[in-house]
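Please read the structure below before turning to the comments.
The values are calculated or read from the model by the stated rules, or taken from the named source; none is laboratory data. Remember, it's a predicted structure, so these values are computed and weren't measured experimentally. Ideal geometry is used to build each Cβ from the backbone, glycine not excepted, and the neighbour counts take in all protein chains shown.
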Amino acid sequence: MASTDSDICVGPEGYEPLEHAASEHAAQAVLPPDIELTPIVFFSLFWTPAILEPIVKATNIYAEQKRSASDRQKGIWSWKPLTVSELQKFLSISIFRGINRLPSLSSEWKYGRCMLPKGTIGLVR
(Lines give C-alpha, C1' and ligand atoms only; values in the text may rest on other atoms or scores of the structure.)
Protein backbone atom coordinates (compact mmCIF):
# COMPACT_ATOMS: atom_id res chain seq x y z
CA MET A 1 0.00 0.00 0.00
CA ALA A 2 1.45 3.37 -1.00
CA SER A 3 1.64 6.09 1.61
CA THR A 4 0.00 9.45 1.02
CA ASP A 5 0.82 12.90 2.40
CA SER A 6 -1.93 12.48 4.96
CA ASP A 7 -0.31 9.24 6.17
CA ILE A 8 3.07 10.92 6.62
CA CYS A 9 2.01 14.26 8.16
CA VAL A 10 -0.08 13.23 11.12
CA GLY A 11 -0.71 15.89 13.73
CA PRO A 12 -3.32 17.19 16.14
CA GLU A 13 -6.85 17.79 14.98
CA GLY A 14 -6.99 20.76 12.63
CA TYR A 15 -3.31 20.42 11.70
CA GLU A 16 -2.51 21.03 8.06
CA PRO A 17 1.02 20.58 6.75
CA LEU A 18 2.69 23.63 5.22
CA GLU A 19 2.62 23.60 1.44
CA HIS A 20 5.90 24.83 -0.02
CA ALA A 21 5.68 27.22 -2.94
CA ALA A 22 9.17 26.35 -4.18
CA SER A 23 10.07 22.96 -5.54
CA GLU A 24 12.25 20.73 -3.43
CA HIS A 25 15.98 20.88 -4.16
CA ALA A 26 19.10 19.11 -3.02
CA ALA A 27 20.74 20.47 0.12
CA GLN A 28 24.11 22.14 -0.23
CA ALA A 29 26.49 24.03 2.00
CA VAL A 30 26.83 27.73 1.27
CA LEU A 31 30.30 28.63 2.47
CA PRO A 32 32.65 31.48 1.65
CA PRO A 33 34.39 30.48 -1.60
CA ASP A 34 37.80 31.91 -0.70
CA ILE A 35 38.60 29.92 2.45
CA GLU A 36 40.46 26.67 2.92
CA LEU A 37 38.16 24.41 4.94
CA THR A 38 40.48 22.99 7.54
CA PRO A 39 38.87 21.60 10.71
CA ILE A 40 39.74 24.71 12.73
CA VAL A 41 38.36 27.07 10.07
CA PHE A 42 35.16 25.04 9.82
CA PHE A 43 34.87 25.04 13.63
CA SER A 44 35.38 28.82 13.69
CA LEU A 45 32.52 29.35 11.23
CA PHE A 46 30.10 28.08 13.89
CA TRP A 47 31.86 28.93 17.17
CA THR A 48 32.61 32.62 16.65
CA PRO A 49 33.92 35.00 19.35
CA ALA A 50 30.43 36.54 19.48
CA ILE A 51 29.13 33.15 20.68
CA LEU A 52 32.08 32.17 22.89
CA GLU A 53 32.64 35.46 24.74
CA PRO A 54 29.24 35.47 26.53
CA ILE A 55 29.78 31.82 27.52
CA VAL A 56 33.21 32.67 28.97
CA LYS A 57 31.84 35.70 30.81
CA ALA A 58 28.92 33.74 32.29
CA THR A 59 31.20 30.86 33.31
CA ASN A 60 33.57 33.20 35.14
CA ILE A 61 30.71 35.01 36.89
CA TYR A 62 29.17 31.69 37.95
CA ALA A 63 32.49 30.42 39.32
CA GLU A 64 33.00 33.56 41.40
CA GLN A 65 29.43 33.33 42.75
CA LYS A 66 30.00 29.73 43.85
CA ARG A 67 33.11 30.55 45.84
CA SER A 68 32.38 31.70 49.35
CA ALA A 69 34.18 34.72 50.85
CA SER A 70 36.04 32.51 53.33
CA ASP A 71 37.17 30.20 50.50
CA ARG A 72 38.58 33.20 48.67
CA GLN A 73 40.50 34.33 51.77
CA LYS A 74 41.91 30.84 52.35
CA GLY A 75 42.75 30.38 48.68
CA ILE A 76 40.60 27.26 48.52
CA TRP A 77 39.40 26.42 45.05
CA SER A 78 41.13 29.36 43.49
CA TRP A 79 39.58 30.16 40.15
CA LYS A 80 41.64 31.14 37.17
CA PRO A 81 39.28 32.94 34.79
CA LEU A 82 38.40 30.99 31.67
CA THR A 83 39.53 32.45 28.35
CA VAL A 84 38.02 32.20 24.88
CA SER A 85 41.11 30.28 23.75
CA GLU A 86 40.68 27.68 26.53
CA LEU A 87 36.99 27.29 25.73
CA GLN A 88 37.79 26.77 22.04
CA LYS A 89 40.28 24.06 22.98
CA PHE A 90 37.84 22.41 25.37
CA LEU A 91 35.08 22.34 22.74
CA SER A 92 37.51 21.06 20.11
CA ILE A 93 38.66 18.25 22.37
CA SER A 94 35.07 17.39 23.29
CA ILE A 95 34.13 17.11 19.61
CA PHE A 96 37.31 15.17 18.83
CA ARG A 97 36.68 12.74 21.70
CA GLY A 98 33.11 12.26 20.52
CA ILE A 99 34.36 11.19 17.11
CA ASN A 100 37.48 9.27 18.21
CA ARG A 101 36.57 7.23 21.26
CA LEU A 102 39.30 6.14 23.66
CA PRO A 103 38.77 4.12 26.86
CA SER A 104 39.34 7.07 29.23
CA LEU A 105 40.37 10.71 29.41
CA SER A 106 43.82 9.69 30.65
CA SER A 107 44.23 7.73 27.39
CA GLU A 108 44.28 11.05 25.54
CA TRP A 109 47.63 11.93 27.11
CA LYS A 110 48.96 8.36 27.10
CA TYR A 111 48.70 8.13 23.32
CA GLY A 112 49.81 11.72 22.73
CA ARG A 113 46.61 12.68 20.93
CA CYS A 114 45.49 15.52 23.20
CA MET A 115 46.17 19.16 22.42
CA LEU A 116 46.36 20.37 26.04
CA PRO A 117 48.70 19.55 28.89
CA LYS A 118 47.41 17.12 31.50
CA GLY A 119 45.43 18.94 34.17
CA THR A 120 44.06 21.61 31.85
CA ILE A 121 40.55 20.22 31.83
CA GLY A 122 39.68 20.51 35.47
CA LEU A 123 39.98 22.81 38.43
CA VAL A 124 43.77 22.98 38.29
CA ARG A 125 45.03 24.71 35.15
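Things worth noting here:
- Remark: HIS20 matches the filter, which requires a residue to be surrounded by fewer than 10 Cβ atoms within 10 Å (Cβ to Cβ), modelled with pLDDT of 75 or more and more than 30 Å from PHE96 (Cβ to Cβ).
- Residues of segment 34-52 classified as part of a helix (DSSP H, G or I) and either among the hydrophobic types (A, V, I, L, M, F, W, C) or surrounded by 13 or more Cβ atoms within 10 Å (Cβ to Cβ) (or both), total: 10
- Subset of segment 64-86 that is modelled with pLDDT of 85 or more and aliphatic (A, V, I, L, M) - its residue that is nearest to PRO32 (Cα to Cα): VAL84
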